[in-house]
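Laboratory data are not the source of any read-out in this text; all were calculated from the coordinates shown. Computed from a predicted model, the values in this text were never measured in an experiment. All Cβ positions, even for glycine, are placed from backbone atoms using ideal geometry, and neighbour counts span all protein chains on display.
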Amino acid sequence: MAVLAPSILSADMSNLSKQIRFVEMGGADWIHCDIMDGHFVPNITFGPILVKAARSVTKLPLDVHLMIENPDNYLEDFIKAGASIVSVHFEEVVHLNRTINRIKELGAKAGVVINPATPVSLLKDISLNVDLILIMSVNPGFGGQSFILNSLKKIAEASKLREELNANFVIEVDGGIDLNNVDNVLAAGCDAFVIGSSIFGTEDITTTTMKFKNIISTGRKIIT
Ligand code: DX5
Ligand code: ZN
C-alpha cells in the first residue's frame with residue numbers, strides 16, 4: 001500500500017492538533033511539513049518549533065521538506081524536534097552525499113527533492129544512498145497550484161532508475177495532486193502522495209483523506 005502524506009501547509013494552524021487528528025482518522029500515513037525560509041522560495045512558513053508541536057500530538061512519521069537555504073545548518077534542529085524523514089533540495093545542497101549521510105547519522109531517513117526543471121537523471125549517483133526521492137510537481141513555495149503534467153514522465157523515470165540500479169528509494173510526489181489526477185500519479189509509479197489544499201481545503205477533512213487513501217491503496221507496499 002502506498003503512503004498518504006497530508007501537508008499541514010494548508011491546515012488551519014490555529015487548530016493544528018485537531019487538523020492532524022482529522023487526517024489520522026482518515027488514514028494518513030505521514031504528516032508532511034513544508035519548511036520555507038523566504039530565500040530558497042518566496043514564502044515563509046514555520047520552523048522546528050512547530051515540528052516539535054506536531055510531534056507532541058501525533059505518532060505518525062513527520063516528513064519534513066526543507067525549502068530553505070543552507071539546510072545543513074538546521075538538520076539537527078529539525079531532527080531533534082522530531083522529524084522522521086528529512087528531504088533537502090538537489091538545487092540547494094552542494095555536498096549532497098555528505099548532507100544525506102549527516103541526516104542518517106542524526107537518526108532520520110534521508111530524502112532528496114528535485115524541482116520541476118531538474119531532471120531525474122541527475123540523481124543517478126545519489127540514488128543508492130537515499131531513502132526517498134521527492135519529485136516536485138509544482139514550483140515549490142505555495143499550496144494550491146496546478147499539477148505540472150511533465151511530472152508524470154519524471155515519476156516513471158525515477159521508477160525505471162530504481163529498477164535499473166536495484167535501489168530501494170520511495171518515490172514521493174508533491175504539489176497539485178487532487179481527486180481528478182491522483183489515479184494518473186499512482187499509475188506513473190508514485191509511492192508517497194503529498195496532498196495539501198485538496199485535503200485541508202475541504203469541508204470534511206477526514207472523509208476526503210479516506211477517499212485519497214482508498215484510491216492509492218492499490219499501490220506498492222512500503223515498509224516505513
Ligand atoms: C509546495 C509544497 C507542497 C504543498 C502542496 O511548495 O511543498 O507540499 O503543500 O500543496 P498542494 O497539494 O496544495 O499543491
Ligand atoms: Zn512539500
Can you find a residue in segment 147-170 that is under 27 Å from Leu16 (Cβ atoms) and among the small types (Gly, Ala, Ser)?
no
List the residue pairs whose Cβ atoms are under 8 Å apart, where the first residue sits in segment 34-55 and is more than 18 Å from Lys18 (Cβ to Cβ), the second is polar (S, T, N, Q) and assigned to a strand (DSSP E or B), and the two are 6 or more positions apart or on different chains.
Asp34/Ser7
With the requirement that a residue be touching a residue at least 12 places away in the same chain (Cβ under 8 Å) and surrounded by fewer than 17 Cβ atoms within 10 Å (Cβ to Cβ), what does segment 188-205 give you?
Gly201
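Check whether at least one residue in segment 76-91 is without any contact (Cβ under 8 Å) to a residue 12 or more places away in the chain and over 17 Å from the mean Cα position of the chain (by Cα), and report yes or no.
Checking segment 76-91: not a single residue is without any contact (Cβ under 8 Å) to a residue 12 or more places away in the chain and over 17 Å from the mean Cα position of the chain (by Cα).
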Residues Ile31, Ile79: which one is closer than 30 Å to Ser217 by Cα, buried (at least 20 other Cβ atoms within 10 Å of the Cβ) and more than 16 Å from ligand 2 (Cβ to nearest atom)?
Ile79
Of residues in segment 93-124 being without any contact (Cβ under 8 Å) to a residue 12 or more places away in the chain and among the hydrophobic types (A, V, I, L, M, F, W, C), the one surrounded by the most Cβ atoms within 10 Å (Cβ to Cβ):
Ala117
Picking from Ser127, Ser159, the residue that is surrounded by 14 or more Cβ atoms within 10 Å (Cβ to Cβ), hydroxyl-bearing (Ser, Thr, Tyr), more than 16 Å from ligand 2 (Cβ to nearest atom) and more than 19 Å from Val194 (Cα to Cα) would be Ser127
Is at least one residue of segment 152-166 in contact (Cβ under 8 Å) with a residue 60 or more places away in the chain and within 24 Å of Ile35 (Cα to Cα)?
no
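What about Asp178, is it closer than 28 Å to Lys18 by Cα, more than 16 Å from ligand 1 (Cβ to nearest atom) and of a type in the set (D, E, K, R)?
For Asp178, the condition - closer than 28 Å to Lys18 by Cα, more than 16 Å from ligand 1 (Cβ to nearest atom) and of a type in the set (D, E, K, R) - is not met.
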Looking only at segment 179-224, count how many residues are small (Gly, Ala, Ser) and away from ligand 2 (no atom under 16 Å from the Cβ).
5
